[in-house]
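Enquirer: I have a structure I would like to understand better, so I am pasting it below and will then ask my questions one at a time.
What follows is calculated from the coordinates using simple rules that are stated; it is not laboratory data. Being a predicted model, the structure only gives us computed values, none of them experimental. Glycine also receives a Cβ, built like all others from the backbone with ideal geometry; neighbour counts cover every protein chain displayed.
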């Protein structure tokens with residue numbers, strides 16, 4: 001993936017609770033379904049990320065206007 005695509009994926013993990021939950025359970029499936037094609041190294045890095053910390057970023061630091069509210073399955 002390009003740097004821009006990785007940034008988009010991380011942004012999606014922060015702003016989309018439903019996607020974050022799916023990615024926390026089945027990263028490969030969630031990314032495939034959403035069109036994120038991770039390299040092995042990217043997969044290892046993202047899978048090692050603490051999804052609870054990303055949730056805290058969303059809940060405590062992110063303005064509501066930037067959150068996704070059920071627009072994605």
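Enquirer: Take the range 35-62 and flag every residue that is free of Cβ contacts under 8 Å to residues at least 40 places away in the same chain, part of a helix (DSSP H, G or I) and in contact with a helix residue (DSSP H, G or I) (Cβ under 7 Å, 6 or more places away or on another chain).
Expert: Taking the range 35-62 first, the residues free of Cβ contacts under 8 Å to residues at least 40 places away in the same chain are 35-41, 43-53, 55-56, 59-61.
From what's left, part of a helix (DSSP H, G or I): 40-41, 43-47, 51-53, 55-56, 59-61.
Within the range 35-62, 43, 46, 47, 51, 55 meet the criteria.
Enquirer: Which count do you get for residues in the range 4-16 that are in a helix (DSSP H, G or I) and under 8 Å from the mean Cα position of the chain (by Cα)?
Expert: Step one: list which residues in the range 4-16 are in a helix (DSSP H, G or I), which gives 4-15.
Next, from what is left, pick out any that are under 8 Å from the mean Cα position of the chain (by Cα): 9-15.
Counting residues in the range 4-16 that are in a helix (DSSP H, G or I) and under 8 Å from the mean Cα position of the chain (by Cα) gives 7.
Enquirer: While we're here: Could you check the range 10-43 and list, in sequence order, the residues that are crowded, with 18+ Cβ neighbours inside 10 Å and under 16 Å from residue 57 (Cα atoms)?
Expert: 12, 13, 14, 16, 17, 19, 20
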